[in-house]
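See structure below.
Nothing in this text is a laboratory measurement; each read-out follows from the coordinates by a stated rule. Here the structure is a predicted model, which means the values were calculated and not measured. Every residue, glycine among them, receives a Cβ derived from its backbone with ideal geometry; neighbour counts consider all protein chains shown.
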Amino acid sequence: MKILFIQPSAGFLMRGTTYPVCRSIMVTASYMKSIGHEVKVFDRCIDFSKAEKVFDAFSPEAVVVYVPPTASVKDAVYLSELAKKHNAFVVWCEVVAAAFAEYIVLNRHSDFVITGETEAKLKSLIDEIDKGKNFESIPGLTYLKDGVAVSNKNENNTNLDVIPEIDWELVDVEKCFRQFPHCKKMLYMYTSRGCPFKCTYCYNTMYYNSVHRKRPIHYVLNEIRYLERNHGLDGVNFSDELLLLNDDEIKAIADFRKENKLNFFWAAKQELTHTKILIRSKRCMMRDADGSFWDLKREVPLQESASTNLWITEQSKNLRICVPRSAFQRSVHLSLASLTKLRKISGQRQNLHSRSILMHSFLIII
């Protein structure tokens, strides 16, 4: 089947502030291509071709629209109407679509909405359309049945071992790069999906069922090597919901950089209680030639290190709201434990900044 994957335009929101190619699009498109479908990725944040010409040239049978920010909804509706004119069925994915799934299908903006991970569910959906349209067995699928919106329970998270490496030939990689501290060609990548926490403000519980799973680390490393050697990648931002690298994975990354003579900066989001893991990885990234580790207290030239950005948050079972530090305008009574943690963060920030690690934090208010 010919499948057109589309990232709708979101205006200024997607230019310079977030990554232009939705990670999920690349992963799902690569997977569907690997099982024999003809796919095309059309990212309207970096590709300004007229949508009508893209549809006419490709003649898709299915159109998969990713709606990560609300600013992209208007363009998503337009693209859906265009797809129907070309007799293609439409599937909406990502968090915003999942949050309003029943409304979307009732208003005929999309024929289907997939909640949660897309790969296996999209494959099952296409198989059922080809065979007999028995949609009840597809988890996380919302669709119309006799004029009523039906939402199947979201379950069965994808086994990441069966998801292939991303096929970057599906897009113009040069247009996907973003500037970031210390690098000019940064891309967002992932080592895992989901998060074990259940913060009430987060989509994780609905989208990933609060299950954390890891990709095979060699997939990640192979993608980095390909991008560095073929396109000059010099920065990686691991966009995992929560980066939880164990010692073996940290060592694998360090050895990989050394053996392949790769020099890239990297960044990641990290929860406060797991910050030590990421700090340990920083030590591994700065290994001596004999295999010993640098001490964080030892001064290391910037060019010898892999500059890291840490986005630190504090998680709790009772979280209700997340307020960015810049918007924090009133005094708040914090517990002694919270104050102690904040003091540790402050001291850690000064130490890490001197080691070329940029640390960003914001307050979680219970």
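Just grab the label-to-label distance for residue 261 and residue 107, each label 7 Å out from Cα along the Cβ direction, in nm (one decimal). About 5.6 nm, to one decimal. Charging the Cβ of each Asp and Glu at -1 and of each Lys and Arg at +1, and nothing else, the dipole of region 136-205 about its Cα centre rounds to 440 debye.
Looking at the P(r) of region 2-151, how many percent of alpha-carbon pairs lie beyond 28 Å?
That fraction is 11 percent.
Residues whose amide H lies under 5 Å from that of residue 189, counting only those 5 or more places away or on a different chain, are 237, 238, 239; hydrogens are built 1.01 Å from N in the peptide plane. Only one residue of 80, 24, 106 has its Cα farthest out toward the positive end of the dipole of region 18-134, where Lys and Arg carry +1 and Asp and Glu -1 on Cβ, and that residue is 80. Amide H contacts for residue 243 (H built 1.01 Å from N in the peptide plane; partners 5 or more residues away or on another chain; cut-off under 5 Å): 269, 271. With θ taken as phi - 60° and the Karplus curve 6.51 cos²θ - 1.76 cosθ + 1.60 applied, the whole-hertz 3J(HN,Hα) list for region 191-203 is 10, 7, 9, x, 8, x, 7, 10, 5, 5, 7, 9, 6 Hz, x standing for glycine and proline. Pairs spanning more than 20 Å between alpha-carbon atoms, out of 50/74; 121/175; 2/133; 40/145; 40/84: 121/175; 40/145.
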